[in-house]
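Peer 1: Structure provided below as structure tokens; questions to follow.
The values are calculated or read from the model by the stated rules, or taken from the named source; none is laboratory data. What you see is a predicted model, and the numbers here were worked out from it, not measured in a lab. With ideal geometry, Cβ positions are generated from the backbone for all residues, glycine too; neighbour counts draw on all protein chains shown. Ligands, DNA and RNA are stripped out before the accessible areas are found, and what is left, the full protein with its side chains, is counted by its heavy atoms. Shrake-Rupley method; radii C 1.70, N 1.55, O 1.52, S 1.80 Å.
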Amino acid sequence: MSDSPNVTIHTDGACLGNPGPGGYGVILDYAGRRKELSGGYAQTTNNRMELLAAIIGLEALTRPCDVTLYSDSRYLVDAIEKGWAARWRRNGWMRNKREAAVNPDLWERLLNLLERHNTEFRWVRGHSGEPNNERCDALASAAARGDNLPVDPGYPPAGFPLSRE
């Protein structure tokens with residue numbers, strides 16, 4: 001790590017139905033201070049909310065930081081840690097020769113943020129009693145149940161199979 005501030009971010013996404021109303025929850029911890037963020041959309045997917053939680057957490061940082069980001073989403077953690085998302089971007093947002101990557105709008109935002117912050121992703125088992133993950137889940141679920149939720153501008157992406165993600 002560097003001389004940059006050390007920040008811990010916990011994230012979670014939730015969806016009431018998939019697709020359906022969705023929300024994200026974020027906890028930022030820095031130098032003994034804690035900040036909680038949440039929001040949601042009227043129609044989205046769980047994976048979009050998992051990605052958006054990480055994005056919102058990183059976008060909240062006002063300068064480059066050393067970040068440890070915890071998520072219970074294998075989709076998010078594996079795509080970053082195993083280099084899949086970076087490969088999808090290099091390949092014009094294609095997973096392979098015939099299959100487009102889903103959520104390229106959010107992956108692009110996230111990859112750009114990762115160029116600014118030195119970020120280590122750590123997977124945590126969801127719904128296992130880990131207090132910060134449980135709190136993020138509560139924030140995300142409450143946001144998904146909110147009134148007058150806005151439209152997710154990236155949902156559904158072109159060619160998205162509406163029956164599953």
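Peer 1: Just the residues that are part of a helix (DSSP H, G or I) and among the small types (Gly, Ala, Ser), please, taken from segment 100-147.
Peer 2: The answer is Ala138, Ala140, Ser141, Ala142, Ala143, Ala144.
Peer 1: Conditions first: (1) over 19 Å from Met49 (Cα atoms); (2) at pLDDT 95 or above; (3) open to solvent by 30 Å² or more (accessible area, probe 1.4 Å). Glu130 passes all but one, so which condition is the exception?
Peer 2: Status for Glu130: all satisfied but (2).
Peer 1: Right, something else. Which residues, taken from segment 109-131, are farther than 14 Å from Gly57 by Cα and polar (S, T, N, Q)?
Peer 2: Selection gives Ser128 alone.
Peer 1: Further question: For segment 133-144, give me each residue that is more than 15 Å from the chain's Cα centre (by Cα) and either within 15 Å of Leu51 (Cα to Cα) or of a type in the set (D, E, K, R) (or both).
Peer 2: Correct list: Glu134, Arg135.
Peer 1: Kindly evaluate Leu58 against the criterion of being over 18 Å from Pro5 (Cα atoms) and either modelled with pLDDT of 95 or more or open to solvent by 60 Å² or more (accessible area, probe 1.4 Å) (or both). Walk me through how you get there before you give the answer.
Peer 2: On the way: over 18 Å from Pro5 (Cα atoms): no; either modelled with pLDDT of 95 or more or open to solvent by 60 Å² or more (accessible area, probe 1.4 Å) (or both): yes.
No, not satisfied.
Peer 1: Condition first: among the aliphatic types (A, V, I, L, M) and open to solvent by 50 Å² or more (accessible area, probe 1.4 Å). Now tell me which residues in segment 133-148 satisfy that.
Peer 2: Passing the criteria: only Ala142.
Peer 1: Also, I was wondering about something else. Of these, Thr62, Thr44, which one is without any contact (Cβ under 8 Å) to a residue 24 or more places away in the chain and β-branched (Val, Ile, Thr)? Write out each step before concluding.
Peer 2: Details: Thr44 fails: without any contact (Cβ under 8 Å) to a residue 24 or more places away in the chain.
That would be Thr62, the only listed residue that is without any contact (Cβ under 8 Å) to a residue 24 or more places away in the chain and β-branched (Val, Ile, Thr).
Peer 1: Looking at segment 24-46, which of its residues are touching a Leu at 6+ places or on another chain (Cβ under 9 Å) and either crowded, with 21+ Cβ neighbours inside 10 Å or aliphatic (A, V, I, L, M) (or both)?
Peer 2: Within segment 24-46, Tyr24, Gly25, Val26, Ile27, Leu28, Leu37, Ser38, Gly40, Tyr41, Ala42, Thr44 meet the criteria.
Peer 1: Still on this model: Criterion first (more than 25 Å from Thr8 (Cβ to Cβ), open to solvent by less than 80 Å² (accessible area, probe 1.4 Å) and touching a residue at least 40 places away in the same chain (Cβ under 8 Å)) does Pro104 satisfy it?
Peer 2: Spelling it out, Pro104 is indeed more than 25 Å from Thr8 (Cβ to Cβ), open to solvent by less than 80 Å² (accessible area, probe 1.4 Å) and touching a residue at least 40 places away in the same chain (Cβ under 8 Å).
Peer 1: Taking the condition in contact with a helix residue (DSSP H, G or I) (Cβ under 8 Å, 6 or more places away or on another chain), surrounded by fewer than 16 Cβ atoms within 10 Å (Cβ to Cβ) and at pLDDT 95 or above, does Asp72 pass?
Peer 2: In short, no.
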